[in-house]
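Structure first, commentary second.
Bear in mind these aren't lab numbers, they're just calculated from the coordinates by the rules spelled out. Bear in mind that the values here come from a model prediction, so they are computed numbers and not experimental data. So basically every Cβ, Gly included, is an ideal-geometry build from the backbone, and we count neighbours across all protein chains shown.
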Amino acid sequence: MNCRIAEGMVNKYINHTLSVNDLEEFLEHIENCSSCYDELATYFIVHKAMEQLDEKQEDSVLDFRELLEEDIRKSRRYIRKKKFTGQSQQLRSVP
Ligand SMILES: [Zn+2]
């Protein structure tokens, strides 16, 4: 994956509309590419800040970087779960 593709996926990542394969490649890319990670962090922070405005949690103090790291960890767990499920389905389909 190159940076242009990764940047195009930032919005989809934040809205959780990436396929498992795309998500995995995207996470792999941002892990090794600080400029795309920063791009993601910027969008993520804006997105979360707007969410908080909607929820009117004026007294909430949140570390957005930590939220992003947590989100990435959740995405990795999601990928592992999906892959495990896919594998067990394949195994079951073997006669
Ligand atoms: Zn990149």
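With a simple spin-label model that places each label point 7 Å from the Cα along the Cα-to-Cβ direction, the separation between Met1 and Arg80 comes to 1.9 nm.
Overall shape of region 1-41 was characterised from the C-alpha gyration tensor. The equivalent ellipsoid obtained from it has semi-axes of 14, 11, 8 Å, in decreasing order. A Förster radius of 41 Å, combined with the Cβ-Cβ distance separating Asn21 from Leu53, puts the computed FRET efficiency at roughly 0.75.
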